[in-house]
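The values are calculated or read from the model by the stated rules, or taken from the named source; none is laboratory data. These numbers were taken from a predicted model, which means no experiment stands behind them. Here the Cβ positions follow ideal geometry from the backbone for every residue, glycine too, while neighbour counts run over all protein chains shown. We work out accessible area using only protein heavy atoms, side chains counted, and drop any ligands, DNA or RNA first. Shrake-Rupley method; radii C 1.70, N 1.55, O 1.52, S 1.80 Å.
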Amino acid sequence: MNENVIDKGYEPSDVEKRWYEFWEKEQLFAAEEADNRPAYAIVIPPPNVTGVLHMGHALNVTLQDILCRYRKISGDNVLWMPGTDHAGIATQNVVEKKLAAEGRDRHQLGREKFIEAVWEWRQKYGSAIINQLKRLGASCDWQRERFTMDEGLSQAVRKVFVQLYQEGLIYRGSYIINWCHRCHTALADLEVEHEEHDGNLYHIRYPFADGTGGLVVATTRPETMLGDTAVAVNPEDERYRQIKADSVILPLMERKIPIIKDSYVDMSFGTGALKVTPAHDPNDFEIGNRHSLERIKVIGDDGIMTAEAGRFAGLDRFKCREAVVEALKAEGLLIKINPHKHSVGHCYRCKTIVEPNLSRQWFVSAKPLAQKAIAAVEKGETRIIPDIWTHTYFDWLTNIRDWCISRQIWWGHQIPAWTCSACDAVIVAMDTPESCPTCGETRLVQETDVLDTWFSSALWPFSTMGWPEDTPLLKKFYPTSVLVTGFDILFFWVARMMMMGIHFMKDVPFKDVYVHALVRDEEGKKMSKSKGNVIDPLDIIDRYGTDAFRFTLAAFAAQGRDIKMSEKRVEGYRHFINKLWNAARFALMHIQGENSRIDHRHLSLPDRWILSRLRRVTTSVAQALNGYRFNDAAGDLYQFVWHEFCDWYLEAIKPTLYNENDPKQKETTIAVMEHVLHDTLILLHPFIPFVTEEIWHKLPGTTGSLLKAAFPAPDDTAARSTPDPEAEAIMTLLMNIITGIRNIRGEMNIPPSLDLTAAVHLQDPAVLEAVRTHQGIIINLAKLGSLSIDRTAQKPRASATAIVDRATIFVSLEGIIDFAKEVQRLEKEISKLNSEFNTVAKKLNNQDFLSKAPEEVVAKVREKHKAFSDKQQKLLSHLEKVKSMGMDIR
RNA sequence: AGGCACGUAGCUCAGGGGGAGAGCGCUACCCUGACACGGUAGAAGUCCGCGGUUCAAAUCCGCGCGUGCCUACCA
């Protein structure tokens, strides 16, 4: 026995901590700037500093870690760039809440003190999410950790802003934007979440100014009528052709407003007359521009009606709605109220209903940038995987609208624009200007707005590598190899990185984009705190271990499908980890000393077989990972480790291990077992890094981390395994025979303790010889007392029969046979066979099939037909014998 | 309103034009010298429905039903 023998059950917690510290201490995650190995780079989707690890992170980070570790083991120079996002609105909200709890607010502090408070907060809590990523085993190059508000990254932000401004791609103007009254800031279109609401459609009568009658308009937001500056009808609309009046009197405000004609108006909706509120509706805004209408802002930025709202000034916007409706009723102008479903925009951060509002903001002119981002994917410079997301990507970029980038909050990159207090000139510059270049004035006022968080994230692939400096890191690792992300930020982030990367680096930011699914709860619902269906990854890790959790995520990560997290599944994979652990424990009991060498002259059949299987699983795992098919790789490894290595190989070699009479054979088999375990650990390491590293260090002759091991090369046939079809064929036949015998044992309820007598009948002399050579395997694994293998086996008098491949098996049941049971068993077998036989026979009777199907398919079916009919005949004849024997005995 | 996915064993899901798969659960028998977080065997499915293409459809196409998601300025 080896002194390395390990404990009976795998205990993750201390192992995980120990090895993570080891990897960090040994700097095994560090990328090398000066190094000629192939470069492989991933930038992490930076989690919010306010973030707490959730399932989405866990999946995202696990997949990236699998890729990075796989590449490292494959010999690449890997850079996994980590960092966090300052998450403007989200972080500001968190800190404001904290202040509120202390009875303070940001306005008391003032801008500067408030920002200081946010930095303090980040100092204190900002690394929480990083530590959580480490518990997942993330192999990021932590030395290089970045933050979007770092000096370097802020520099990049200013540079980009200034250049885009100079190129005319950033501009400032008054437009309709989405306004959140709670966050008190503009939001980009993407930051608005739409939701169906049960609302009302209010029909309001607007009297003609000339007193000849009136028309009826419909609206879902009656309070906005206070800001109406026109009523529009479609020029084609017959109903309004003959109207004499050219204007109406706006009720409640008693303001005369024109009736205009605009083809935007949908004649089929409502009355075909549209009230126009340019300051509070994006479409009305456009109409207003076409007709030079006045914009009257009646809802203030605080959600309170402005002075422009006349007697409704000072009311909350929703209170005002009620008041307006009441007032209209009183004047008899409210015709009717219909229930009406419509979608209402909400702030993605605080869920407040957003208001389209007229406001002066900064915008990025998106079209020219988007065109290049589309072209890059069309040309294949960046691949999106799975392909299905390509269409979504094109769709969005084709219909993209200008991007509102200014936010009226304090936490973020302050816009580098100054206004001259003397001549109103706007100065956009990297650094604070001394004086106004137009008039020389020194009193300059900086823009108070900050930039949308996604503005800085859009630069992440190159800003983290030191841009605008021309760094060695950029030279080596840009463009990055792959971006791994969820589809929920395809537009927010991926598309914008493409636009910015191409524009500023003249090259795409990543060659591949791997889009993974969303993790949902067991019912398929999106996990959210408000639903209370959140499964905490850290809790799962505590209870099942990181490796089991990671393996589950990988196994679930089928392309293009959402993941419904199930704890049962995690438990199943914990068992797998334990199985691996115990297989290693078994192997270590037998491995003696250092570096046993495989002597190819002494390879047994199971040795040849498992080496062949190892070769195949190595290939399939490599292919699966290269194609981002994580679940295939995980599934293949699971199957190999448990059902080939443990169930068959280790069981098959036990007699060899306990046999002292053939030391050469034993030594070779131990070497093979050790070799297979060795390579399996390497293959498994990207998925389950902790347990594999732990076992690795128990293996004699291994030095240093498993991360420095080499992935089994496909062409390394000398020391490693090669596909061996002959060994696989014989072994498969043996396994089928063994299963056949076990089946009889099980179905006949014969206790495992009882040794059986069996005979195998085989026609082909070569096959017969091969099986006879390895009969020990059958005797051992089927628990036989004796076995005979012949061309014409004598059927024992009372026996059960099975037919597998071309072998007929007789299991003697002298004294224990239950004839009725055997009849039942055979009948079941025959009926199962019959249905298969029939489908095959039907095909061969079909002329069209014979003439049109490919030759090899026909040949296969013929072969099958023959095998089925042989088997059927044999089973039927045995059934007859058993029946008659049963009669005899009775 | 458009667009996209999904519907396969009791549950969670792979697969994908030529004999229905896995894990969990279930049943029976086993504590055999790595592992009961284990072993061996077994039961279990109109592959959502209806049409079509094909020699052959769970798989491809169309329609329908159901579920989920994304995008959108119909007042």
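Just checking, how many residues over the stretch A:762-806 are open to solvent by 40 Å² or more (accessible area, probe 1.4 Å) and either aromatic (Phe, Trp, Tyr) or in contact with a Ser or Thr (Cβ under 7 Å, 6 or more places away or on another chain) (or both)?
Total satisfying the criteria: 2.
Examine the stretch A:756-763 for a residue that is of a type outside the set (Gly, Ala, Ser), at positive phi and out of contact with any Lys or Arg (no Cβ under 6 Å at 6 or more places or on another chain), and state whether such a residue exists.
The answer is no; no qualifying residue exists.
Which one is farthest from A:Tyr348 (Cα to Cα) among residues in the stretch A:458-471 that are open to solvent by 20 Å² or more (accessible area, probe 1.4 Å) and not acidic (Asp, Glu)? First the steps, then the outcome.
Applying the first criterion (open to solvent by 20 Å² or more (accessible area, probe 1.4 Å)) to the stretch A:458-471 yields A:466-471.
Narrowing the set further to residues that are not acidic (Asp, Glu) leaves A:466-468, A:471.
Numbers: A:Gly466: 31, A:Trp467: 31, A:Pro468: 32, A:Thr471: 37 Å.
Out of the qualifying residues, it is A:Thr471.
Looking at this structure, is A:Thr703 open to solvent by 20 Å² or more (accessible area, probe 1.4 Å) and out of contact with any strand residue (DSSP E or B) (no Cβ under 9 Å at 6 or more places or on another chain)?
Taking the combined requirement at face value, the residue satisfies it.
Out of A:Ala729, A:Ala710, report the one residue that is of a type in the set (A, V, I, L, M), surrounded by fewer than 16 Cβ atoms within 10 Å (Cβ to Cβ) and part of a helix (DSSP H, G or I).
Numbers: A:Ala710 fails: part of a helix (DSSP H, G or I).
One residue alone meets the criteria, A:Ala729.
Let me confirm something: among A:Ile682, A:Ile653, A:Ile670, which residue is part of a helix (DSSP H, G or I), without any contact (Cβ under 8 Å) to a residue 60 or more places away in the chain and open to solvent by less than 30 Å² (accessible area, probe 1.4 Å)?
The conditions single out A:Ile653.
Do the conditions hold for A:Asn631, that is, is it within 11 Å of RNA strand B (Cβ to nearest atom), of a type in the set (S, T, N, Q) and either under 26 Å from A:Thr739 (Cα atoms) or buried (at least 19 other Cβ atoms within 10 Å of the Cβ) (or both)?
It is false that A:Asn631 is within 11 Å of RNA strand B (Cβ to nearest atom), of a type in the set (S, T, N, Q) and either under 26 Å from A:Thr739 (Cα atoms) or buried (at least 19 other Cβ atoms within 10 Å of the Cβ) (or both).
Among the numbered criteria (1) in contact (Cβ under 8 Å) with a residue 24 or more places away in the chain; (2) assigned to a helix (DSSP H, G or I); (3) closer than 30 Å to A:Glu33 by Cα; (4) not aromatic (Phe, Trp, Tyr), which one does A:Lys475 miss?
Single failed check for A:Lys475: (1).
Which ones in the stretch A:844-857 are open to solvent by 100 Å² or more (accessible area, probe 1.4 Å) and either within 8 Å of RNA strand B (Cβ to nearest atom) or not polar (S, T, N, Q) (or both)?
A:Lys852, A:Glu855, A:Glu856 - these are the residues of the stretch A:844-857 that are open to solvent by 100 Å² or more (accessible area, probe 1.4 Å) and either within 8 Å of RNA strand B (Cβ to nearest atom) or not polar (S, T, N, Q) (or both).
Filter the stretch A:817-828 down to residues that are in contact with a helix residue (DSSP H, G or I) (Cβ under 6 Å, 6 or more places away or on another chain) and either at positive phi or of a type in the set (D, E, K, R) (or both), then give me how many there are.
Qualifying residue count for the region: 2.
Identify the residue in the stretch A:165-178 that is more than 14 Å from RNA strand B (Cβ to nearest atom) and in contact with a strand residue (DSSP E or B) (Cβ under 9 Å, 6 or more places away or on another chain) and, among all such residues, is most open to solvent (accessible area, probe 1.4 Å).
Among them, the one singled out is A:Gln166.
Name every residue in the stretch A:472-496 that is open to solvent by 30 Å² or more (accessible area, probe 1.4 Å) and closer than 16 Å to A:Gly83 by Cβ, in order of residue number.
Selection gives A:Ile489 alone.
Hey, can you tell me all the residues within the stretch A:434-457 that are open to solvent by less than 30 Å² (accessible area, probe 1.4 Å) and closer than 21 Å to A:Pro468 by Cβ?
A:Val450, A:Leu451, A:Asp452, A:Thr453, A:Phe455, A:Ser456, A:Ser457 - these are the residues of the stretch A:434-457 that are open to solvent by less than 30 Å² (accessible area, probe 1.4 Å) and closer than 21 Å to A:Pro468 by Cβ.
What number of residues within the stretch A:688-698 are more than 17 Å from A:Asp547 (Cα to Cα) and either at pLDDT below 90 or surrounded by 23 or more Cβ atoms within 10 Å (Cβ to Cβ) (or both)?
Residues in the stretch A:688-698 being more than 17 Å from A:Asp547 (Cα to Cα) and either at pLDDT below 90 or surrounded by 23 or more Cβ atoms within 10 Å (Cβ to Cβ) (or both): 0 in total.
Please give the number of the condition A:Ser268 fails out of (1) modelled with pLDDT of 85 or more; (2) within 10 Å of RNA strand B (Cβ to nearest atom).
Of the numbered conditions (1) modelled with pLDDT of 85 or more; (2) within 10 Å of RNA strand B (Cβ to nearest atom), the odd one out for A:Ser268 is (1).
Could you tell me whether the stretch A:268-275 includes any residue that is closer than 19 Å to A:Ile176 by Cα and either surrounded by fewer than 19 Cβ atoms within 10 Å (Cβ to Cβ) or not aromatic (Phe, Trp, Tyr) (or both)?
Yes, that holds for at least one residue.
Restricting to the stretch A:183-224, name every residue that is away from RNA strand B (no atom under 11 Å from the Cβ), under 13 Å from A:Ile353 (Cα atoms) and assigned to a loop (DSSP other than H, G, I, E, B).
Across the stretch A:183-224, the qualifying residues are A:Cys183, A:His184.
Residue by residue, here is whether (1) farther than 26 Å from A:Ala798 by Cβ; (2) within 12 Å of RNA strand B (Cβ to nearest atom); (3) touching a residue at least 24 places away in the same chain (Cβ under 8 Å) holds:
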{"position": "A:Ala727", "(1), (2), (3)": "yes, no, yes"}
{"position": "A:Met735", "(1), (2), (3)": "yes, yes, yes"}
{"position": "A:Ile741", "(1), (2), (3)": "no, yes, yes"}
{"position": "A:Glu747", "(1), (2), (3)": "no, yes, yes"}
{"position": "A:Ile750", "(1), (2), (3)": "no, yes, yes"}
{"position": "A:Ser753", "(1), (2), (3)": "no, yes, no"}
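Residue by residue, here is whether (1) in a helix (DSSP H, G or I); (2) within 7 Å of RNA strand B (Cβ to nearest atom) holds:
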site: A:Arg543; (1), (2): yes, no
site: A:Ala548; (1), (2): yes, no
site: A:Ala558; (1), (2): no, yes
site: A:Val570; (1), (2): yes, no
site: A:Arg613; (1), (2): yes, no
site: A:Phe640; (1), (2): yes, no
site: A:Cys646; (1), (2): yes, yes
site: A:Tyr649; (1), (2): yes, no
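Which of (1) free of Cβ contacts under 8 Å to residues at least 12 places away in the same chain; (2) crowded, with 21+ Cβ neighbours inside 10 Å does A:Asp14 not meet, given it meets every other one?
That leaves (2) as the condition not met.
Could you run through the stretch A:810-836 and say how many residues are near RNA strand B (Cβ under 9 Å from one of its atoms), surrounded by 13 or more Cβ atoms within 10 Å (Cβ to Cβ) and more than 20 Å from A:Asn736 (Cα to Cα)?
0
Looking at the stretch A:867-890, which of the residues that are basic (Lys, Arg) and surrounded by 11 or more Cβ atoms within 10 Å (Cβ to Cβ) is farthest from A:Gln763 (Cα to Cα)?
A:Lys883
Residues being assigned to a loop (DSSP other than H, G, I, E, B) and within 12 Å of RNA strand B (Cβ to nearest atom): count how many of those fall in the stretch A:225-255.
Total satisfying the criteria: 3.
Answer yes or no as to whether A:Ser74 is among the hydroxyl-bearing types (Ser, Thr, Tyr), within 16 Å of RNA strand B (Cβ to nearest atom) and open to solvent by 20 Å² or more (accessible area, probe 1.4 Å). It would help to see each step written out before you state the result.
Values: among the hydroxyl-bearing types (Ser, Thr, Tyr): yes; within 16 Å of RNA strand B (Cβ to nearest atom): no; open to solvent by 20 Å² or more (accessible area, probe 1.4 Å): yes.
Against the criterion (among the hydroxyl-bearing types (Ser, Thr, Tyr), within 16 Å of RNA strand B (Cβ to nearest atom) and open to solvent by 20 Å² or more (accessible area, probe 1.4 Å)), A:Ser74 does not qualify.
Sort through A:Asn4, A:Asn48 and tell me the only one that's more than 25 Å from A:Leu459 (Cα to Cα), among the polar types (S, T, N, Q) and either surrounded by 13 or more Cβ atoms within 10 Å (Cβ to Cβ) or modelled with pLDDT under 95 (or both).
Details: A:Asn48 fails: more than 25 Å from A:Leu459 (Cα to Cα).
Within the list A:Asn4, A:Asn48, the selection yields A:Asn4.
Looking at the stretch A:821-831, is at least one residue within 45 Å of the chain's Cα centre (by Cα) and farther than 30 Å from A:Ile778 by Cα?
For the stretch A:821-831, residues within 45 Å of the chain's Cα centre (by Cα) and farther than 30 Å from A:Ile778 by Cα: absent.
Does A:Ala554 satisfy being out of contact with any Phe, Trp or Tyr (no Cβ under 7 Å at 6 or more places or on another chain), within 23 Å of A:Glu694 (Cβ to Cβ) and open to solvent by less than 10 Å² (accessible area, probe 1.4 Å)?
For A:Ala554, the condition - out of contact with any Phe, Trp or Tyr (no Cβ under 7 Å at 6 or more places or on another chain), within 23 Å of A:Glu694 (Cβ to Cβ) and open to solvent by less than 10 Å² (accessible area, probe 1.4 Å) - is not met.
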